[in-house]
Amino acid sequence: MSIITGRGDSGETDLLFGKRIAKTSLRVAALGSVDEVNAALGMARAAGGEAVVIALIDGIQERLIGLMGQLACLPEDLGHYHYVALTLADVDWVVAEARRFETRGVKFTGWARPGAEGSLARAGLDFARAMARRAERAVLALHESGEAVPEPVRLFFNRLSDLLWILARVEA
């Protein structure tokens, strides 16, 4: 079966459980923003930074996949969603990881200048941070539009962007 189906030519795309939705919807915008975070993290990961950072990126990407599944499910279908869903424990995990890396002595010394250090991994983490902020705004816009977004999903990107800022500062 080909990935090219032509089903999206009408301006709609598939969600989970056979639902279709406009590609211009806030839900699809949020999904696209999360996909951008995942892709940016892939660039940072492929740049070959510290092994501990790469392992952490893998854990983040794993959570993003579950989170995308939650967003690809309309609120009325959430009861059918039996895949890995993001929980407050995942938000706590991000906070714990941020605090663990803060112990390396990360200090705020002004605005980040991504790429200035010559490290692709560091620039990729900064790019992922910027994408996480965009994803946060998209998720909040979806929620504020009246389509309920679970609290862990709404909180995740705020915490994640902080963690990514810290990781970009500690990445050699």
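The values are calculated or read from the model by the stated rules, or taken from the named source; none is laboratory data. What you are looking at is a predicted structure, and each value in this text was computed from that prediction instead of being measured. No Cβ is skipped: glycine too gets one built from the backbone with ideal geometry, and neighbour counts run over all protein chains shown.
Assorted remarks:
- Subset of segment 79-103 that is closer than 13 Å to PRO152 by Cα and acidic (Asp, Glu) - its residue that is surrounded by the fewest Cβ atoms within 10 Å (Cβ to Cβ): ASP92
- Output for segment 129-142, where each listed residue is surrounded by fewer than 21 Cβ atoms within 10 Å (Cβ to Cβ) and closer than 15 Å to VAL37 by Cβ: ALA130, ARG133, ARG134, ARG137, LEU140
- Looking only at residues in segment 71-126 that are assigned to a loop (DSSP other than H, G, I, E, B) and in contact with a Pro (Cβ under 6 Å, 6 or more places away or on another chain), the one that is modelled with the lowest pLDDT is LEU86.
- Every listed requirement among (1) at pLDDT 95 or above; (2) surrounded by 14 or more Cβ atoms within 10 Å (Cβ to Cβ) is met by SER145 save one, (2).
- You will find that of ARG63, ARG27, the residue that is over 20 Å from SER161 (Cα atoms) and part of a helix (DSSP H, G or I) is ARG27 and no other.
- Residues located in segment 69-103, provided they are within 10 Å of LEU16 (Cα to Cα) and within 16 Å of the chain's Cα centre (by Cα): GLY69, GLN70, LEU71, ALA72
Okay, residues lined up against (1) touching a residue at least 24 places away in the same chain (Cβ under 8 Å); (2) of a type in the set (Ser, Thr, Tyr); (3) surrounded by fewer than 19 Cβ atoms within 10 Å (Cβ to Cβ); (4) in contact with a Cys (Cβ under 8 Å, 6 or more places away or on another chain):
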| position | (1), (2), (3), (4) |
| --- | --- |
| SER2 | no, yes, yes, no |
| ASP9 | no, no, yes, no |
| THR24 | no, yes, yes, no |
| VAL28 | no, no, no, no |
| VAL53 | yes, no, no, no |
| GLY59 | yes, no, yes, no |
| ILE65 | yes, no, yes, no |
| GLY69 | yes, no, yes, no |
| ASP77 | yes, no, yes, no |
